Amino acid sequence: MTADSIMAAPERRTCRICGPDLDFDFTMAFQPLVDLAAGQVYGHEALVRGTNGEGAGEVLSRLTPATVYRFDQACRVKALKLAHALGGRSTLSINFLPNAVYAPASCIQATLEVSYQLGWPADRINFEITETEQVRNRAHLQNIINTYREMGFKTALDDFGTGYANLDLLVDLQPDVVKIDRALIRDIPEQPRRQTVVNAVIGVANRLGIGLVAEGVETLEEAIWLYSRGITRHQGYLYARPAIEALPGVDSALMHAVVEGARNSEGCR
């Protein structure tokens, strides 16, 4: 099966329990994930968008309780197909709604099928647990993470520091990655209280063997402070805005400037 035929296939290869077909279409934007220590883009996050550029909120407002399961699976399939068609071969991060997964081993089958067809290894798919939705059953979420890990997928706790994210989630869930939300990143070089919280998160994550990504990085000063504290993986407008149906890159000179800025700041202490 060719990439073109896979892209043309309908988003219907899901278990029959997952509800009716969607009555609207959508697409994906992609934002790069930067590894400053390696000096490269190591992946992209897929972000849902309307076909006319509408934001995620507009698309999500069209969901009903009957279609949320279908939509969650369709997002995974769409993200993989688009990323592959655009030439992506690195890590792909895909958001998922924990309460839209009723049986992890069954609900992942469409994703497994498409990733196999595309030759996209499971260890290069990272599922981000969105914290805009309250987790009603933590044991169920733990089961999802364990099932995905056994299949070779990675998991990340998104939007940490806002919404329903708590430190005890790190202990209970043991995700591979925690993404520190913009709420804790904003103006952090001049915010001692935010620095205290982020430093605590760094310590806990290091002790638990959890990787960290700073998301929502918008200024060079924020990036330098974070890198100097050992958070070398970033995402945010400083590096690139999400691009609809495109895989944006990052200026290598910018990445170098962050690393050099951190080195200089260390020397000034």
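General observations
- Hits in the range 76-102 - residues which are open to solvent by 10 Å² or more (accessible area, probe 1.4 Å) and either free of Cβ contacts under 8 Å to residues at least 40 places away in the same chain or of a type in the set (S, T, N, Q) (or both): 89, 90, 91, 95, 97, 99
- Just one of the listed residues (39, 57, 88, 50) is small (Gly, Ala, Ser) and touching a strand residue (DSSP E or B) at 6+ places or on another chain (Cβ under 7 Å), and it is 88.
- Condition met for residue 108 (crowded, with 21+ Cβ neighbours inside 10 Å, touching a residue at least 40 places away in the same chain (Cβ under 8 Å), β-branched (Val, Ile, Thr) and within 19 Å of residue 242 (Cα to Cα)): no
- Inter-residue pairs, beta-carbon under 6 Å, first polar (S, T, N, Q) and in the range 36-61, second open to solvent by less than 60 Å² (accessible area, probe 1.4 Å) and outside any helix (DSSP H, G or I), 6+ apart: 51/27
- Taking the criterion of being more than 18 Å from residue 122 (Cα to Cα) and of a type in the set (Lys, Arg), the residues of the range 56-110 that qualify are 62, 70.
- Test for residue 214: is it of a type in the set (A, V, I, L, M), touching a helix residue (DSSP H, G or I) at 6+ places or on another chain (Cβ under 6 Å) and free of Cβ contacts under 8 Å to residues at least 40 places away in the same chain: yes
- Enumeration of residues in the range 211-221 that are open to solvent by 10 Å² or more (accessible area, probe 1.4 Å) and of a type in the set (A, V, I, L, M, F, W, C): 212, 220
- When residue 163 is tested against (1) modelled with pLDDT under 85; (2) open to solvent by less than 30 Å² (accessible area, probe 1.4 Å), just one condition goes unmet, and that condition is (2).
- Restricted to the range 22-140, the set of helices (runs of 4 or more DSSP H) holding at least 2 residues that are over 27 Å from residue 174 (Cβ atoms) comprises 56-60, 68-85, 109-118.
- Lone qualifier among 260, 218, 266 - being farther than 17 Å from residue 167 by Cβ, modelled with pLDDT of 95 or more, outside any loop (DSSP other than H, G, I, E, B) and not aliphatic (A, V, I, L, M): 260
- Scanning the range 222-252 for residues that are out of contact with any helix residue (DSSP H, G or I) (no Cβ under 8 Å at 6 or more places or on another chain), within 23 Å of residue 87 (Cβ to Cβ) and open to solvent by 20 Å² or more (accessible area, probe 1.4 Å) yields a total of 11.
- If the condition is being surrounded by fewer than 18 Cβ atoms within 10 Å (Cβ to Cβ) and in a loop (DSSP other than H, G, I, E, B), then the range 177-209 contributes 186, 187, 191, 209.
- Sole exception among (1) assigned to a helix (DSSP H, G or I); (2) open to solvent by less than 70 Å² (accessible area, probe 1.4 Å); (3) among the β-branched types (Val, Ile, Thr); (4) closer than 24 Å to residue 145 by Cα for residue 171, by number: (2)
The values are calculated or read from the model by the stated rules, or taken from the named source; none is laboratory data. From a predicted model like this one, the values you see are computed outputs, not experimental measurements. Neighbour counts are summed over all protein chains in view; Cβ atoms, including those assigned to glycine, are modelled from backbone coordinates with ideal geometry. Surface accessibility is based on the protein's heavy atoms, side chains included, excluding ligands, DNA and RNA. Shrake-Rupley method; radii C 1.70, N 1.55, O 1.52, S 1.80 Å.
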